[in-house]
Amino acid sequence: MADYVLGISCYYHNSAAVLIKDGMIACAAEEERFTRKKGDSSFPVNAIKHCLDSEKIFPSDLTAVAYYENPGHKFARMMTGVFLNMPKSISQFVCAVPDWITNKLWTERKIRKELRYKGQIVFSGHHLSHAASCFYPSPFDEAAILTVDGVGEWSSCTWGIGTGNSIQIREGINYPDSLGLLYSAFTFYTGFRINNGEYKMMGLAPYGRPVYADTIKEHLVAIAGDGSFTLNQEYFSYSYGTHTINKKFEALFGEKTRRSEEPLTQFHADIAASIQEVTNEILLRLARSIREKSGCENLVMAGGVALNVTGNGLLRRSGIFKDIWIAPAAGDAGGALGAALEAYYRLTGAQRLPCGKDIMENSFLGLLISGKSKKDDETLKSLNAVWENKSPLNLAKTVAGLLAQGKVVGIARGRAEFGPRALGSRSILADARNPDMLSKLNSMIKFREGFRPFAPAVPAEDANEYFEIDGVSPYMLFTFPVKESRRLPVEKTGSFEETAKLPRSDIPAVTHIDYSARVQTVERETNGFLYDILTEFRSITGYSVLVNTSFNVNEEPIVNTVRDAYLCFMKSGIDYAVIGDRLFDKQKQPITKQGGRKKK
């Protein structure tokens with residue numbers, strides 16, 4: 001009988017469930033995809049059910065259930081901070097403690113009740129779960145491990161070594177010193193929402209200059225030669241209050257915290273550029289130190305800060321490590337994966353057999369939308385949808401032709417991606433050559449800020465024709481420079497949105513203001529349908545680069561089911577949609593209560 005381990009993460013950021021079968025990932029899903037609540041942190045009832053149903057097993061068939069951190073240790077850390085900071089911490093106490101007393105401290109009881117489970121439950125450490133989520137799925141038999149985030153139980157940053165089926169955490173940095181919380185403080189200061197707006201600030205940074213980097217290092221964070229750091233708590237309030245920064249922080253930079261409805265200015269871009277430069281410096285120093293201490297030539301990374309693609313790209317190009325692999329679900333959702341794998345190897349003693357590639361299945365681990373399904377047909381008919389059935393190859397050719405005509409196409413087929421990146425299974429595709437496409441996608445389809453960049457998808461064998469890239473980047477976790485031969489000069493002018501509209505290369509829709517791009521390389525054996533679209537597009541246009549962004553609108557989770565995909569298609573500016581092996585033309589859809597097509 002197979003050894004099944006169920007991993008769970010919840011209550012803080014994106015909750016998730018992952019099912020491991022004999023050391024391989026059978027299924028992985030985030031709760032937000034089912035509830036349609038972005039960042040849903042509730043107990044992942046739906047994700048758990050989906051994982052178990054995917055293997056047709058019951059909770060009684062599980063070898064163990066693994067939770068991604070230790071609630072008791074986390075509560076002890078929080079209460080220590082509360083008592084050390086009294087009476088300033090009274091508001092934090094009032095806000096946080098009731099939920100702990102009534103809910104979070106009783107995670108084991110919650111698991112048993114929801115699953116009706118009587119078997120073994122194990123609790124991992126938060127950063128051990130992150131470490132396991134990036135080492136065990138990686139292609140390496142041995143690697144240095146770096147985990148960086150806001151905070152787990154006590155740690156905010158750890159490094160260790162993974163060898164075979166074991167992980168050793170060597171050193172760490174503890175709360176309240178935290179690179180993740182430092183970055184989030186600036187996310188809040190620039191008017192974006194913490195745990196959601198970090199990507200926005202990262203996208204804003206290239207429009208600015210790092211003129212405040214020295215101020216940050218002089219007053220806010222002391223950085224040692226080995227990359228370890230200490231935050232000056234006089235400027236922060238997260239250790240005792242319900243906000244991240246205080247008035248002294250604002251006074252340091254001379255402006256108040258931006259409200260979300262207020263306009264972005266050059267000041268905010270300069271602030272974003274400055275904290276990004278400091279983050280880059282810390283990551284590079286940490287990497288050099290870890291390389292020297294570990295003696296490992298490869299590095300794996302996880303934790304929320306590992307989603308900082310700008311820093312990742314700089315680290316990869318530095319050559320400090322021979323190779324770097326980053327967990328596609330590097331945040332807390334991936335903690336469920338790490339907890340399950342750590343428990344599996346610890347409890348079974350099974351040997352890990354690296355095969356030269358990762359075991360993430362290109363991150364296609366979630367809910368399946370098959371090519372043909374009577375049940376899905378019935379769902380779509382109930383929405384009065386109109387479609388045309390096609391074979392996969394004809395569908396890829398048709399989509400490529402539509403993209404070459406300037407149409408925007410949503411794709412929902414195969415298993416959903418696990419993690420924050422859409423990689424071709426729940427994606428919106430568009431022509432990267434079109435200078436108006438970035439503005440169209442941001443304003444009419446994604447309904448988001450106009451300065452934010454989009455990522456390119458390109459066949460792996462063609463990537464170095466467009467980008468300064470060595471190797472592959474299947475998970476969109478690194479930025480690379482666009483080749484100089486393809487660049488166009490740009491003069492920053494007017495608003496960020498207006499500057500963003502200026503062509504910066506011959507693939508302007510995926511070239512950021514600093515000539516960088518968050519590249520996804522695509523291979524036929526792991527991502528066949530998207531690969532076929534790209535190669536067909538190349539045969540039509542001579543270019544094999546497409547915009548690939550997630551199939552959702554702003555502030556909504558990525559689509560999961562056929563119903564999600566159709567409704568998102570109808571209420572956005574997407575021209576065509578592929579759902580399974582069905583092609584939907586917006587102009588042929590009836591106007592419905594759920595839809596968004598308007599009469600001409």
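Laboratory data are not the source of any read-out in this text; all were calculated from the coordinates shown. Small disclaimer: the values here were computed from a predicted structure and weren't measured. We place every Cβ from the backbone using ideal geometry, glycine too, and count neighbours over all the protein chains shown.
Mind jotting down the three principal axis lengths of region 138-209 based on Cα atoms? Whole angstrom, largest first.
43, 28, 21
How would region 179-325 be classified by its alpha-carbon gyration tensor: rounded, prolate or oblate, with rounded meaning a/c under 1.5 and the a/b versus b/c comparison settling the rest?
Working: a/c = 2.04, a/b = 1.66, b/c = 1.23.
Prolate, since a/c reaches 1.5 and a/b exceeds b/c.
Taking a point 7 angstrom from the Cα of Phe267 along the C-beta vector, which residues in region 468-500 have backbone N less than 17 Å away?
What the label zone holds, given the 17 Å backbone N cut-off, is 496.
Output the DSSP H helices from the chain with an along-axis C-alpha extent of no less than 27 Å and a mean Kyte-Doolittle hydropathy no less than -1.0. Each step should come with its number before you reach the end.
Values: long enough: 266-294 (41 Å, -0.16).
Both cut-offs are met by 266-294.
Could you give the distance between the Cα centres of region 169-217 and region 23-54, to the whole Å?
Going from one Cα centre to the other spans 29 Å.
Using the 4.7 Å Cβ rule, please list in number order the cysteines from the chain without any candidate partner.
Unpaired cysteines in the chain: Cys10, Cys95, Cys134, Cys157, Cys296, Cys355, Cys568.
Given a Förster distance of 25 angstrom, what is the FRET efficiency for Arg209 paired with Phe447, based on the Cβ-Cβ distance and rounded to 0.05? Walk me through the numbers on the way to the answer.
Numbers: r = 29 Å, r/R0 = 1.17.
FRET efficiency, Arg209 to Phe447: 0.30.
Hey, what did the chain get for relative contact order, percent, Cα under 8 Å, at least 6 apart? Spell out each step's value before the answer.
Details: 1329 pairs, mean separation 93.1, N = 600.
Averaging sequence separation for qualifying contacts and normalising by length gives 16 percent for the chain.
Return the calculated 222 nm mean residue ellipticity for the chain, to the nearest 500 deg cm²/dmol, obtained by summing -39500 (n - 2.57) across DSSP H runs with n ≥ 4 and dividing by the residue count. Show your work: numbers first, answer last.
Details: 19 runs with 201 residues, N = 600.
The helix contribution divided over the chain gives -10000 deg cm²/dmol.
Which FRET efficiency, nearest 0.05, do Ala350 and Trp100 yield, Cβ-Cβ r, R0 45 Å? Intermediate results must be reported in sequence, preceding the final value.
Details: r = 36 Å, r/R0 = 0.79.
The computed FRET efficiency comes out at 0.80.
Diagonalise the Cα gyration tensor of region 101-153 and give the resulting equivalent ellipsoid semi-axes, square root of 5 times each eigenvalue, largest first, whole Å.
29, 16, 7
Take the alpha carbon gyration tensor of region 65-146, find the square roots of its eigenvalues, order them as a ≥ b ≥ c, and report rounded if a/c is under 1.5; if not, report prolate when a/b exceeds b/c, else oblate.
Numbers: a/c = 3.86, a/b = 1.42, b/c = 2.72.
In terms of gyration-tensor shape, oblate.
Can you tell me how much longer the chain between Gln587 and Glu297 gets when fully stretched, taken as 0.36 nm per residue apart minus their C-alpha distance, in nm with one decimal?
Result for the pair: 99.0 nm of gain on full extension.
If you take every DSSP beta bridge fully contained in the chain, what fraction is antiparallel? Give it as a percent rounded to 5. Write down the numbers at each step before the final one.
On the way: 57 of 79 bridges.
Restricted to the chain, the bridges split so that about 70 percent are antiparallel.
Grab the beta carbon distance between Glu465 and Ile359, set R0 = 30 Å, and tell me the FRET efficiency rounded to 0.05.
Numbers: r = 30 Å, r/R0 = 0.99.
Efficiency for this residue pair is about 0.50.
Would you mind computing, in nm to one decimal, how far apart the modelled labels at Ser42 and Thr80 are, each placed 7 Å from Cα along Cα→Cβ?
In this crude spin-label approximation the distance works out to 3.3 nm.
If the label point is 7 Å along Cα→Cβ of Lys440, which residues in region 508-523 have backbone nitrogen under 17 Å from it?
508-511
For region 447-594, build the convex hull from the C-alpha positions and give me its volume per residue in Å³. Each step should come with its number before you reach the end.
Numbers: hull volume 21.0 nm³, N = 148.
Each residue corresponds to 142 Å³ of Cα convex hull volume.
Does the chain come out rounded, prolate or oblate, given a ≥ b ≥ c as the square roots of the eigenvalues of its C-alpha gyration tensor, rounded meaning a/c under 1.5 and, failing that, prolate meaning a/b above b/c?
Working: a/c = 1.45, a/b = 1.15, b/c = 1.27.
Note, shape of the chain comes out rounded.
What nm value, rounded to one decimal, do you get for the distance between Leu368 and Ala251 when each label is placed 7 Å out toward the C-beta?
Each label point lies 7 Å from its Cα, and together they span 6.2 nm.
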